[in-house]
1. If packing is taken as the mean number of other Cβ atoms within 10 Å per residue, what is the order of 33-40, 158-165, highest first?
2. Quick check for me: using +1 on Lys/Arg Cβ and -1 on Asp/Glu Cβ, what's the dipole size of region 6-246 about its Cα centre, in debye to the nearest 20?
3. How far, in nm, would the chain grow between S21 and E154 when pulled straight, counting 0.36 nm per residue and subtracting the alpha carbon separation?
4. I'd like the FRET efficiency for H29 and K51, computed as 1/(1 + (r/R0)^6) with the beta carbon distance as r and R0 of 35 Å, rounded to 0.05.
5. List, largest first, the extents of the alpha carbons of region 102-201 along their principal axes, each in whole Å.
6. Of the options F188, F28, G141, report the single residue whose Cα projects farthest towards the positive end of the charge dipole of the chain (beta-carbon charges: Lys, Arg +1; Asp, Glu -1).
7. If a paramagnetic tag sat 7 Å from the Cα of H87 along the Cα-Cβ line, which residues of region 34-55 would have the backbone N under 17 Å from that point?
8. Given Cα pairs under 8 Å that are at least 6 residues apart, what percent is the relative contact order of the chain?
Amino acid sequence: MLFFATGALTLSAMNTANIISLLDKESFHPVVPFDPVKDKLVLLDFTAENKTITGDMLRDTSSFSAYMDKQLKNAGARYGIGGYAEHRTIYSSSQVFDGDQPGEEPRRLHLGTDIWGKPHTPVMSPLQGIVHSFAFNNQMGDYGATIILSHYLEGSSFYTLYGHLSLNSIKNLQEGERVDKGDVIAEFGIPAENGQWPPHLHFQLIADIGDWKGDYPGVCKFSEKEKWITNSPDPDIILQLDQYIES
């Protein structure tokens with residue numbers, strides 16, 4: 001991948017800055033149904049500061065899902081949202097985020113925004129694009145069903161990733177398939193299809209995807225934060241939901 005090459009961080013930063021500049025001039029279709037007049041968003045915390053989330057809960061998807069439902073109900077919110085650049089303790093529940101070698105630093109820093117809600121919530125493309133790739137990343141804690149779209153603006157390419165989808169979302173899908181702005185491309189998956197998580201969408205913006213297909217890291221080592229954040233800037237530039245968060 002380009003941005004890991006020696007001295008390439010500056011090139012990656014320049015590429016990302018150009019993409020952000022292009023996105024600043026765009027208008028987007030909502031990625032999930034949301035009416036700012038009547039719908040509420042609540043900010044959710046998955047760091048060590050949140051003592052209400054226990055290890056036992058994380059190891060039991062039903063308990064974790066019940067906890068998430070309660071958070072939304074108590075807040076009167078349609079969605080729970082947050083997580084970009086958040087250092088999360090919840091990933092300790094899955095070996096997917098541990099290092100390959102004993103004692104290796106685990107991955108804990110979240111690189112996308114999560115939108116927690118009801119199963120089968122429709123997911124829409126914010127811009128015109130094509131299906132870059134898709135996969136069923138079927139490990140506990142992984143993305144489950146995943147779609148990656150590629151987009152082009154004024155000669156520059158970038159990518160959006162949609163994780164924790166339903167298996168129906170990738171049924172009969174084809175790489176290279178055209179997607180129009182506002183098309184329903186997917187839906188939130190149930191735990192059996194989404195990596196054993198409460199229903200939600202992981203949405204991530206990627207400047208340079210390198211050779212990845214159907215997958216791309218959504219969590220990185222904290223010590224490598226700078227280079228990963230450079231390549232996956234805050235996706236709220238597309239989502240435009242942070243302004244509506246009620247904490």
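Rule-based calculations on the coordinates, nothing more; no lab input. Model, not experiment: these values are computed from the prediction. In this analysis, Cβ positions are derived from the backbone assuming ideal geometry, glycine residues included, and neighbour counts consider all displayed protein chains.
1. On the way: 33-40: 11.8, 158-165: 26.1.
Final packing ranking: 158-165, 33-40.
2. 440 debye
3. Value of the extension gain: 46.8 nm.
4. E(calc), rounded to 0.05, equals 0.40.
5. Each principal axis gives a Cα extent; for region 102-201 these are 44, 30, 22 Å.
6. Farthest towards the positive pole: F188.
7. From region 34-55, the list is 45-51.
8. Numbers: 549 pairs, mean separation 62.7, N = 247.
The value is 25 percent.
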